[in-house]
1. Among 247, 270, 251, which is out of contact with any helix residue (DSSP H, G or I) (no Cβ under 6 Å at 6 or more places or on another chain), more than 26 Å from residue 71 (Cβ to Cβ) and in contact (Cβ under 8 Å) with a residue 60 or more places away in the chain?
2. Tell me, yes or no, whether the range 105-121 has at least one residue that is surrounded by fewer than 18 Cβ atoms within 10 Å (Cβ to Cβ) and part of a helix (DSSP H, G or I).
3. Could you check, for the range 194-213, whether at least one of its residues is more than 28 Å from the chain's Cα centre (by Cα) and either surrounded by 10 or more Cβ atoms within 10 Å (Cβ to Cβ) or within 15 Å of residue 240 (Cα to Cα) (or both)?
4. Determine, yes or no, whether residue 249 is surrounded by fewer than 12 Cβ atoms within 10 Å (Cβ to Cβ) and within 23 Å of the chain's Cα centre (by Cα).
5. Of the numbered conditions (1) assigned by TED's automatic domain parsing to the domain that holds residue 200; (2) over 21 Å from residue 65 (Cα atoms); (3) surrounded by 12 or more Cβ atoms within 10 Å (Cβ to Cβ), residue 231 satisfies every one except a single condition; which is it?
6. For the range 189-215, name all the residues that are in contact with a helix residue (DSSP H, G or I) (Cβ under 9 Å, 6 or more places away or on another chain) and outside any loop (DSSP other than H, G, I, E, B).
7. So residue 59 passes all but one of these: (1) modelled with pLDDT of 55 or more; (2) under 30 Å from the mean Cα position of the chain (by Cα); (3) part of a loop (DSSP other than H, G, I, E, B). Which condition number does it fail?
8. Could you tell me whether residue 184 is over 30 Å from residue 106 (Cα atoms) and part of a helix (DSSP H, G or I)?
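The values are calculated or read from the model by the stated rules, or taken from the named source; none is laboratory data. On a predicted model such as this, the values are computed, not experimentally measured, just so you know. All Cβ positions, even for glycine, are placed from backbone atoms using ideal geometry, and neighbour counts span all protein chains on display.
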């Protein structure tokens with residue numbers, strides 16, 4: 001019986017080419033395991049098998065992902081406070097019509113499609129990427145709208161990517177014995193040539209290098225391009241601050257988890273939400289927060305209830 005099985009296996013393998021070292025080692029993760037699998041092989045042959053299986057990828061180090069990809073550039077971003085954003089969103093049809101009319105007058109190919117609110121800003125979504133003259137038209141229009149203070153309208157900009165960096169080599173304590181603050185970091189960045197024309201995206205965050213260390217790690221994010229042009233000017237460069245020599249290092253990007261302001265679920269942005277209707281921020285009902293008292297079962301029967 002055993003002879004017949006061996007004979008059948010011999011027939012099935014007849015005509016097949018012998019396995020290469022790469023095929024033999026395809027399920028082996030390192031040279032030590034290859035040596036365990038083939039103890040009779042000399043060390044030189046083990047290294048040949050390992051190189052044949054993995055090639056140049058054997059010692060490749062994973063690159064740090066410093067910069068996020070950012071949003072679509074087919075939009076103009078205007079940072080505004082929440083009250084002004086609500087005022088603008090209350091008459092979007094008029095704003096859209098007026099902006100597009102002025103774009104037609106200068107024979108621009110760009111058209112605004114809709115306006116959407118974001119956290120601390122509004123976004124005018126367009127059919128193509130706006131050029132500087134298109135952004136100037138949008139800025140001039142909003143500054144001329146009645147009821148809007150022109151000083152509250154900054155220059156519109158295109159969406160930007162964000163790079164994540166850190167500073168090492170600085171003391172956690174200042175000369176007066178108090179711990180270093182975000183304001184201290186922002187202040188000394190303004191006086192160091194290395195950080196010239198580097199816009200901060202958030203306030204710097206400071207932690208100790210270890211629980212018992214007196215050295216700090218300063219995490220900070222900057223507005224950047226997708227090809228990391230600004231981050232490349234900083235990464236692995238050093239500067240003096242007092243008697244310390246600090247160095248800027250790359251860190252893995254950490255954009256966080258987005259929360260949708262339409263359905264209020266985590267994991268996707270408001271712009272990419274697929275919900276058919278808005279959800280209430282309080283009790284997830286099929287209505288917006290401003291209509292909660294009129295439509296929600298908990299408050300509809302108690303119109304005089306305060307708070308709802």
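1. 247
2. Yes, the range 105-121 contains at least one residue that is surrounded by fewer than 18 Cβ atoms within 10 Å (Cβ to Cβ) and part of a helix (DSSP H, G or I).
3. Here is the first cut: in the range 194-213, the residues more than 28 Å from the chain's Cα centre (by Cα) are 211-213.
In the following step, the residues that additionally are either surrounded by 10 or more Cβ atoms within 10 Å (Cβ to Cβ) or within 15 Å of residue 240 (Cα to Cα) (or both) were identified as 213.
Among the residues of the range 194-213, at least one is more than 28 Å from the chain's Cα centre (by Cα) and either surrounded by 10 or more Cβ atoms within 10 Å (Cβ to Cβ) or within 15 Å of residue 240 (Cα to Cα) (or both), which makes the answer yes.
4. So residue 249 does not fit the description; no.
5. (2)
6. Across the range 189-215, the qualifying residues are 189, 194, 195, 200, 205, 206.
7. (1)
8. It is true that residue 184 is over 30 Å from residue 106 (Cα atoms) and part of a helix (DSSP H, G or I).
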